[in-house]
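Okay, structure first, notes after.
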Amino acid sequence: MILVALGTQDKQFYRLVRIIDNAINNGIIKDEVVVQLGSTKYLSNNMKLYNYIPSDKLESLMNDADLIVCHGGVGIITDSLKMGKKVFAMPRLKEFNEHRNNHQIQLVEKFSNLGYIKMVTSYDDFVKEYKNLKKFKPRKPVFNNKKILDLITDFIG
C-alpha cells in the first residue's frame with residue numbers, strides 16, 4: 001500500500017496528487033493508494049481519498065505503507081523515517097500557491113542529499129524513482145533529542 005500525505009495546511013497541492021493519479025492511470029502504480037488530501041479538493045476512482053485522517057488512523061496507515069509519498073513537511077518526513085519507511089517527498093512551492101514560501105525545497109533537498117528520502121519534483125522524477133524503489137535503501141536516521149533539548153534550554157535560559 002502507498003500512503004500519500006498532502007498535509008493539513010490551508011493550501012491545495014494538486015501537483016502531487018495528479019502525479020500519483022497519472023502513475024496509476026499509466027500502469028506504473030498497481031498497489032492500493034490511500035491519500036490524505038487536506039485542503040486539496042480532488043476526485044479519483046483510482047485511490048481512497050480522505051480530507052483528513054485522525055492521527056491514530058494515520059499512524060496505522062503509515063505503519064502499513066510500503067511507501068509514503070508526501071509534501072515537504074518536517075513532521076511527516078521525520079515520523080516516516082522513525083518508522084523505517086521509504087519516503088518520496090515533493091516540496092510545496094510558493095509560485096503554485098501551495099505554500100507561503102519555498103522553504104520546503106531546502107528541507108527536502110537536505111534529507112534527499114543525505115540519503116534519507118528521495119526528492120521528486122515532476123511526474124518523470126516520480127516514475128524514475130518508483131521504478132527503482134526496490135533498490136532504494138534509505139539511510140537510517142539518528143534522532144538526537146538531547147541535543148535539541150539542550151539548545152532549547154540554552155535559548156530559554
For Val4, the residues 5 or more places away or on another chain with a placed amide H closer than 5 Å to its own amide H are Val34, Val35, Gln36, Val69
So the pair-distance distribution of region 1-100, from every Cα-Cα distance in 10 Å bins, comes to percents of 16, 53, 29, 2
For region 110-120, in residue order, the Karplus 3J(HN,Hα) values (coefficients 6.51, -1.76, 1.60; θ = phi - 60°; whole Hz; Gly and Pro = x) are 4, 4, 5, 4, 7, x, 7, 9, 10, 8, 10
Residue separation between Arg100 and Lys135 times 0.36 nm, minus their alpha-carbon distance, gives in nm 9.1 nm
At q = 0.18, 0.20, 0.23 1/Å the base-10 log of I(q)/I(0) from the Debye formula over the alpha-carbon atoms of region 77-145 is -0.72, -0.86, -1.05
Phi angles of region 28-37, converted by Karplus (6.51 cos²θ - 1.76 cosθ + 1.60, θ = phi - 60°) into ³J(HN,Hα) in whole Hz with x for Gly and Pro, give 6, 9, 10, 7, 5, 10, 10, 10, 9, 7
Note: Asp124 to Lys30 extended length (0.36 nm per residue) minus current alpha-carbon separation gives 32.1 nm
Once both label points are put 7 Å beyond Cα along the C-beta direction, the Tyr14-Phe143 separation in nm becomes 3.5 nm
Of all chymotrypsin sites (Phe, Trp or Tyr not before Pro) in region 9-74, the ones in DSSP coil with at most 14 other Cβ atoms within 10 Å are Tyr52
Under the helix-only model (-39500 (n - 2.57) for each DSSP H run of 4 or more, divided by the residues of the chain), the mean residue ellipticity at 222 nm, to 500 deg cm²/dmol, is -12000 deg cm²/dmol
Subtracting the Cα-Cα distance of Lys82 and Tyr52 from 0.36 nm times their residue separation yields 8.6 nm
In the structure shown, of Lys57/Lys140; Lys41/Lys140; Lys11/Lys135, the pairs separated by more than 32 angstrom at the C-alpha atoms are Lys41/Lys140; Lys11/Lys135
Inter-part gap, Cα centre of region 5-58 to Cα centre of region 75-126, in whole angstrom, is 15 Å
Checking Lys86, Lys57, Lys140 against a Gaussian network model of the chain (alpha-carbon springs below 10 Å), the top fluctuating residue turns out to be Lys57
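The numbers here are math on the coordinates, done by the rules we state, and not lab data. These numbers were taken from a predicted model, which means no experiment stands behind them. Cβ atoms come from the backbone with ideal geometry, glycine included; neighbour counts cover every protein chain shown.
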